[in-house]
Each structure stands twice: as structure tokens, then as C-alpha cells.
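All remarks here apply to the structure that follows.
The values are calculated or read from the model by the stated rules, or taken from the named source; none is laboratory data. If you're wondering where the values come from, they're calculated on a predicted model, not measured in any experiment. Every residue, glycine among them, receives a Cβ derived from its backbone with ideal geometry; neighbour counts consider all protein chains shown.
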Amino acid sequence: MTAAGGRAATPAGQLTPAQKRVVAEFARGGNREDVAARLRLSIHTVKAHLRKASKRMGATSTAHLVALAIAHRLIPAGTALPNGAAHTATKTTPGGTR
């Protein structure tokens, strides 16, 4: 596997503990602001961890990063909710909750 720019991607085990926590929490659902609130981090810190983890893993998107983290057993496969369930469960529309 190669990272963006043609370099070899870093094995999943070499993510920092903080990067692993952010990726695992993101897989549980919600957006960056939700993850920041749950982990009591700033949004800038969450973005930095996601960016650095993506670079190390060679991921091209956050969804790709989560998939790689699951494939490398960085986070349990049951961590991610199917079809964005966490996202739709918390959003509201003018007519009520979706």
C-alpha cells in the first residue's frame, strides 16, 4: 500500500494513541464537532489527528481511513454504525427528528 505522494503507508500500529482514539470515535458516528465534544478536544486537534492518521495510513478520505483502521484491526469492526446511523439519529428537520 502506498500513501499519497507515492510513499509507503505506515502500518496501522504506528498511529499515536490519540490518533487511534479519534479514528475510533469518528467511526462511532457524528461529525468532527461531535467527536471533539465527546473526547473533550478542540475541533482543530481532531482535524489534525484525522489529517495525520490519513497521511500515515494512505487514506484518501475519512471514510477510507475508518475502513483501513477496521481492516488493520485498529478499531473493532462493530465500531462503525451502518449507513451513517449515528448521523441520521441526531439530525433534525423542520418537521422533527429524522
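A few notes on this one:
- Residue within the stretch 14-21 that is at pLDDT below 90 and either within 17 Å of residue 61 (Cα to Cα) or over 13 Å from the mean Cα position of the chain (by Cα) (or both) present: yes
- Residue list for the stretch 31-67, restricted to those being in contact (Cβ under 8 Å) with a residue 40 or more places away in the chain and hydrophobic (A, V, I, L, M, F, W, C): 57, 65, 66
Yes/no matrix, rows are residues, columns are (1) on the phi < 0 side of the Ramachandran plot; (2) modelled with pLDDT of 95 or more; (3) in a loop (DSSP other than H, G, I, E, B):
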| residue | (1), (2), (3) |
| --- | --- |
| 5 | no, no, yes |
| 30 | no, no, yes |
| 33 | yes, yes, no |
| 37 | yes, yes, no |
| 45 | yes, yes, no |
| 52 | yes, yes, no |
| 63 | yes, no, no |
| 69 | yes, no, no |
| 84 | no, no, no |
